[in-house]
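Structure first, then comments.
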Amino acid sequence: MRYRLVRMILNELLGNVQNIEMIHVKDLLGLTGYIRGGCSPIGMKKKFPTYFDATAADHEKITVSAGVRGAQMLVEREVLVRFVDGTLIDVAR
């Protein structure tokens, strides 16, 4: 049910999203350069579209993975969104 709701919202906001799914764990390292538990929108091998909920605009800083399991970093929201070419969208309704 949750998957259908997210897909419905993304279709409304982004257009016709035919395929949206989590990356399978066995494919994670090859696609992103990260192991499970260390994925970050910063520094992936391939540039994936990155979306933040619009409520991120309410926060000066955002915590993201530092690229290794168990390590996080606090980053200024404006810098992070700009660096990953991210988009704020209203997903959390």
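The values are calculated or read from the model by the stated rules, or taken from the named source; none is laboratory data. Since the model is a prediction, treat every value here as computed from it, not as a measurement. Heads up, the Cβs are rebuilt from the backbone with ideal geometry, glycines too, and the neighbour counts pull from every protein chain shown. In case anyone asks, the SASA skips ligands and DNA or RNA and just uses the protein heavy atoms, side chains included. Shrake-Rupley method; radii C 1.70, N 1.55, O 1.52, S 1.80 Å.
Taking region 44-80 only, how many residues are over 22 Å from Glu21 (Cα atoms), open to solvent by less than 60 Å² (accessible area, probe 1.4 Å) and assigned to a helix (DSSP H, G or I)? Before you say what the answer is, go through the steps one by one.
First, pick out the residues of region 44-80 that are over 22 Å from Glu21 (Cα atoms): 55-63, 66, 68, 70-80.
Cutting the leftovers down to open to solvent by less than 60 Å² (accessible area, probe 1.4 Å) gives us 56-57, 62, 66, 71, 75, 77, 80.
Pick out the ones that are also assigned to a helix (DSSP H, G or I) and you get 56-57, 77, 80.
The total comes to 4.
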Considering residues of region 81-93 that are in a loop (DSSP other than H, G, I, E, B) and either of a type in the set (Ser, Thr, Tyr) or open to solvent by 40 Å² or more (accessible area, probe 1.4 Å) (or both) only, the residue farthest from Gly30 (Cα to Cα): Arg93
- request: With the condition kept exactly as written, say whether any residue in region 21-35 is polar (S, T, N, Q), open to solvent by 50 Å² or more (accessible area, probe 1.4 Å) and within 30 Å of Met8 (Cβ to Cβ).
  value: no
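Based on what the data block shows, is Val64 within 12 Å of the chain's Cα centre (by Cα), at pLDDT 85 or above, farther than 23 Å from Ile9 by Cα and of a type outside the set (Gly, Ala, Ser)? Write out each step before concluding.
Values: within 12 Å of the chain's Cα centre (by Cα): yes; at pLDDT 85 or above: yes; farther than 23 Å from Ile9 by Cα: yes; of a type outside the set (Gly, Ala, Ser): yes.
Taking the combined requirement at face value, the residue satisfies it.
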Matching residues in region 12-40 - criterion: being assigned to a helix (DSSP H, G or I) and at pLDDT below 75: Glu12, Leu13, Leu14
query: For Arg7, are the conditions met, namely being in a helix (DSSP H, G or I) and either modelled with pLDDT under 75 or over 12 Å from the mean Cα position of the chain (by Cα) (or both)?
result: yes
